[in-house]
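Structure first, then comments.
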């Protein structure tokens, strides 16, 4: 048995978009099941996202704390953002988010992992990058607004984040997946064996 996700498209008899929001929408598809029955599936349509696990020379991860209204929590997270432009290169989007949310740039970029956040109810795909060789970005800081105006910033040792994840104290998907993937990569072939920053991403194809 090969343990690898595979693309597949079941027949859709009908589709509707009952809600269209500012960044996402809701789609309803009537999907033909293997036994022949037709079942209605509702899900959020999402443009995709990028996230950045920025690791400094002291083995600390750059984190931000931000209010997330749907879960009524302020969560510690890693910098992340939407792929606002169709076909946008995810590396460029990740570099932008690191600059906007932390005023930091990085010289060394790798793909840490790719995930579907909630494939049972949303088609969001996220590419999580590892960024190293950090320094302060040049120029003026990006002007933040709304939830981002209340963000806190910090740099936390990797071991402390792992402890918080396993203790159930840290819940953000990208932070959890990113930190544990970092630890797994180190225990395996090493960080330099990670995929290059512009590795193909079938979930969200992009322009070079």
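Every read-out reported here was derived from the displayed coordinates using simple, explicitly stated rules and does not represent laboratory data. In this text, all values refer to a predicted model and were calculated from it rather than measured experimentally. Cβ atoms come from the backbone with ideal geometry, glycine included; neighbour counts cover every protein chain shown.
Using a 10 angstrom cutoff on alpha carbons, build the Gaussian network for the chain and name the most mobile of 36, 178, 21.
Evaluated over the chain, the most mobile residue of the options is 36.
Rounded, prolate or oblate, given the Cα gyration tensor of segment 49-196, with a/c below 1.5 counting as rounded?
rounded
So how do 6, 24 line up by other beta-carbon neighbours within 10 Å, fewest first? Don't skip to the answer; put the middle values down first.
On the way: 6 5, 24 16.
Ordered from fewest to most neighbouring Cβ atoms within 10 Å, 6, 24 come out as 6, 24.
At q = 0.28 Å⁻¹, what log₁₀ I(q)/I(0) does a Debye calculation on the Cα points of segment 18-73 give, no solvent, two decimals?
One equal scatterer on each Cα of segment 18-73 leads to -1.11.
Quick one: of the DSSP bridges fully inside the chain, what percent are antiparallel, nearest 5? Working shown, then result.
Numbers: 42 of 49 bridges.
Around 85 percent of the beta bridges assigned by DSSP in the chain are antiparallel ones.
Kindly rank 197-206, 9-18 from highest to lowest mean number of other beta carbons found within 10 Å of each residue.
Order by mean packing, descending: 197-206, 9-18.
Taking 20 °C and 1.002 mPa s as the conditions, I'd like the Stokes-Einstein D for segment 1-134 in µm²/s, using the Kirkwood hydrodynamic radius from alpha carbon pairs.
Once the numbers are plugged in, D ends up at 125 µm²/s.
Over the chain, what is the relative contact order in whole percent, taking alpha-carbon pairs under 8 Å and six or more residues apart?
It comes to 22 percent, rounded to a whole number.
So for 45, 52, fewest C-beta neighbours within 10 Å to most, what's the order?
So the ranking, lowest neighbour count to highest, is 45, 52.
Rounded to the nearest 500, what is the chain's calculated 222 nm mean residue ellipticity when only DSSP H runs of at least 4 contribute -39500 (n - 2.57) each, over all residues?
It comes out at -5500 deg cm²/dmol, rounded to the nearest 500.
Starting with the fewest neighbours, write out 33, 1, 151 ranked by other beta-carbon atoms found within 10 Å of each beta-carbon.
Listed from fewest to most nearby Cβ atoms, that is 1, 33, 151.
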